[in-house]
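The values are calculated or read from the model by the stated rules, or taken from the named source; none is laboratory data. This structure is a prediction, so every number in the text was calculated from the model and none was measured. Cβ coordinates were reconstructed from backbone atoms using ideal geometry, including for glycine residues, and neighbour counts include every protein chain displayed.
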Amino acid sequence: MQPNEVVRPRLGRDAVSLGDHLIRVVKLLNAHRHQVPRQHPGVDPAAYPLLFTLAVGPMRMSELAAHIHSDISTVSRQVAHFVALGLITRDPDPTDGRAQQLHLTDDALAVLVCVQDSRERWIDQLLIDWGQDEREAFAGHLARFAESLEQHLPLRHHSTNKDHV
């Protein structure tokens with residue numbers, strides 16, 4: 001062994017294969033995202049998780065950032081953009097008048113319905129030749145994988161929101 005050489009444990013074939021497939025899926029999803037027509041001209045599809053999270057209910061900026069696993073400065077810029085578009089309102093927090101709660105407007109909810117409908121049609125088309133049992137098993141494995149992934153994020157980013165986007 002050379003000085004400063006890092007010793008890595010050998011990964012099982014399953015881990016290597018899963019890693020390769022995950023990288024491929026992430027790249028394909030990113031490529032798809034860039035080709036999907038926008039449901040609103042001012043809303044980048046990368047920002048949909050922020051809107052879907054707020055659809056669960058009003059929350060403070062810091063809560064929103066934690067739920068979507070992002071830093072507060074990034075979320076603050078996105079929220080300011082959505083406020084300017086009329087998709088989010090800032091209202092006084094009823095428990096602390098100095099703080100604000102973010103709420104989706106009816107226009108934002110309409111955008112989310114379109115996004116969700118479009119996504120469901122796309123996934124249905126992708127899995128058209130899959131049986132119901134295969135779809136359910138895949139959904140279950142994907143949910144379990146997401147939970148494992150979330151558990152391994154730094155503690156400050158853990159979300160209690162189980163309504164995934």
* Structure fact -> Going through the stretch 108-127 in order, the residues found to be over 19 Å from residue 139 (Cα atoms), without any contact (Cβ under 8 Å) to a residue 12 or more places away in the chain and among the β-branched types (Val, Ile, Thr) are 113
* Go over the candidates 117, 129, 133, 106 one by one and state the one that is closer than 19 Å to residue 56 by Cα, loosely packed, with under 12 Cβ neighbours inside 10 Å and at pLDDT 95 or above. => 106
* To do: State whether one or more residues within the stretch 40-56 are touching a residue at least 60 places away in the same chain (Cβ under 8 Å), outside any helix (DSSP H, G or I) and surrounded by 15 or more Cβ atoms within 10 Å (Cβ to Cβ).
  => yes
* If you check 71, 93, which single one turns out to be of a type outside the set (Gly, Ala, Ser) and loosely packed, with under 15 Cβ neighbours inside 10 Å? -> 71
* Asked: When both residues are 6+ apart or on different chains and their Cβ atoms are under 7 Å apart, which pairs have a first residue that lies in the stretch 69-81 and is closer than 16 Å to residue 154 by Cβ, and a second that is of a type in the set (Gly, Ala, Ser) and in a helix (DSSP H, G or I)?
  -> 71/65; 72/62; 72/65
* Of the residues that sit in the stretch 82-99 and are touching a residue at least 24 places away in the same chain (Cβ under 8 Å) and among the aliphatic types (A, V, I, L, M), which one is farthest from residue 147 (Cα to Cα)? -> 85
* Asked: Could you say whether any residue in the stretch 95-115 is farther than 30 Å from residue 154 by Cα and of a type in the set (Lys, Arg)?
  -> no
* Asked: Is it true that residue 78 is surrounded by 10 or more Cβ atoms within 10 Å (Cβ to Cβ) and at pLDDT below 75?
  -> no
